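Have a look at this one.
No value in this document is a laboratory result; all are computed from the given coordinates. These numbers were taken from a predicted model, which means no experiment stands behind them. Glycine also receives a Cβ, built like all others from the backbone with ideal geometry; neighbour counts cover every protein chain displayed.
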Amino acid sequence: MSYRFSKKDKLKSKKIIERLFNEGQSITVFPLRLIYLKTPFDDNSTLKTGVSVSKRLHKNAVSRNRIKRLMREAFRLNKPNYFNNSSTAYALMILYISKDTITFEAMDKTVKKMLQKFLDKTANK
């Protein structure tokens, strides 16, 4: 798996996003929450990922966009380490649930913990 976060890796389907929030399971590693659902995709990809920051908690679009960029970058850099030989397809949504801003180093550490927790939880099934 490459370090890219291309168009086919992004979660955009409204139907899948709706199913994700209705039927998905979640993992929380503050300040992130990961909602995931096992889903087959048409384009042979194994992961589709979306990121979201609450407008209620972060009023300025500039701060929301910065946090989303940090989440995508931390996920992009850590994705090959955790999903290199994954054969199961998942839809993932990463939510930022804190009112405070965050540095990249803290975001990277949190994403690593969250992905490890995700693998531990899904490996048991």
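For the chain, what are the DSSP H helices with axial Cα length of 18 Å or more and mean Kyte-Doolittle hydropathy of at least -1.0?
Span-like helices, by this rule, are 61-83, 104-123.
What Kirkwood hydrodynamic radius do you get for the chain when you take the inverse of the mean 1/r over all pairs of distinct Cα atoms, in Å?
In the chain this quantity evaluates to 14.8 Å.
What's the longest bit of the chain with no exposed chymotrypsin sites (Phe, Trp or Tyr not before Pro), using DSSP loop states and at most 16 other Cβ atoms within 10 Å as the test?
By the stated rule (loop sites, at most 16 other Cβ atoms within 10 Å), 42-125.
Using alpha carbon centroids, what distance separates the stretch 1-27 and the stretch 56-121, in Å?
The two parts, judged by their Cα centres, are 13 Å apart.
Can you list the residues, at least 5 places off or on another chain, whose amide H is less than 5 Å from the amide H of S54, using H built in the peptide plane?
Long-range HN contacts for S54: Y96.
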